[in-house]
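This report concerns only the one structure given below.
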Amino acid sequence: MQANAYLTFNGRCEAAFKFYEQHLGGKIVAMMNHEGLPPEDKAQLPPEMLNAILHARLDLGSTVIMGSDAFAGRYEKPQGFSVSLLVDTPEEAERVFGALSENGSVLMPIEETFWAIRFGMVTDQFGIPWMVNCEKSLG
């Protein structure tokens, strides 16, 4: 069994996934919009939804992040969770945190903590909350 994050966006899923692919080092393996639906399903959609992302998938190491644009008028701001990234080096933590902070909102600056060489919390420019963690040795 594997648990993965599924993120919902307010019309910016495509831009977010391209940003994540570039800055997190993943690979987009699926990105489809509503335009590709069968005609009978597409006919039921408001025209502004045709270019909205129906489903996206980013392979990120051994994990997956998936997402879509919310249906028109049904977007809700993400709350009550963060996507947690575990990175191997403090340099990688600084780089990733810096990228996610670009036009975002830093909740906790990246710094050393009692459990981590580097840890920080940020909400990115797409409204997604992240935690970047480079743990200290647990031994």
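The values are calculated or read from the model by the stated rules, or taken from the named source; none is laboratory data. Remember, it's a predicted structure, so these values are computed and weren't measured experimentally. A quick note on method: Cβ atoms are made from the backbone with ideal geometry, for glycine too, and the neighbour counts reach across all protein chains shown.
Residues of segment 44-103 that are modelled with pLDDT of 95 or more, under 16 Å from residue 126 (Cβ atoms) and hydroxyl-bearing (Ser, Thr, Tyr): 68, 82, 101.
Considering every residue within segment 95-108, establish whether at least one is in contact with a Gly (Cβ under 6 Å, 6 or more places away or on another chain) and more than 24 Å from residue 27 (Cβ to Cβ).
Within segment 95-108, the subset in contact with a Gly (Cβ under 6 Å, 6 or more places away or on another chain) is 97, 108.
Narrowing further to those that are more than 24 Å from residue 27 (Cβ to Cβ): 108.
Yes, segment 95-108 contains a residue that is in contact with a Gly (Cβ under 6 Å, 6 or more places away or on another chain) and more than 24 Å from residue 27 (Cβ to Cβ).
Among the candidates 35, 21, the residue that is among the acidic types (Asp, Glu) and under 20 Å from residue 121 (Cα atoms) is uniquely 21. Among the residues of segment 99-118, those that are within 12 Å of residue 130 (Cα to Cα) and under 15 Å from the mean Cα position of the chain (by Cα) comprise 99, 100, 101, 104, 105. Within the span defined as segment 83-102, one or more residues are assigned to a loop (DSSP other than H, G, I, E, B), surrounded by 13 or more Cβ atoms within 10 Å (Cβ to Cβ) and assigned by TED's automatic domain parsing to the domain that holds residue 126.
Quick check, is residue 107 touching a residue at least 40 places away in the same chain (Cβ under 8 Å) and assigned to a strand (DSSP E or B)? Quick ask: steps written out before the conclusion?
Numbers: touching a residue at least 40 places away in the same chain (Cβ under 8 Å): no; assigned to a strand (DSSP E or B): yes.
Considered against the rule, which asks whether it is touching a residue at least 40 places away in the same chain (Cβ under 8 Å) and assigned to a strand (DSSP E or B), residue 107 comes out as no.
Take the residues of segment 62-78 that are surrounded by fewer than 11 Cβ atoms within 10 Å (Cβ to Cβ) and either of a type in the set (Lys, Arg) or free of Cβ contacts under 8 Å to residues at least 40 places away in the same chain (or both): which is nearest to residue 128 (Cα to Cα)? Selected residue: 77. If you go through segment 29-54 and keep only what is surrounded by fewer than 16 Cβ atoms within 10 Å (Cβ to Cβ) and in contact (Cβ under 8 Å) with a residue 12 or more places away in the chain, you end up with 29, 30, 32, 35, 36, 46, 48, 50, 51.
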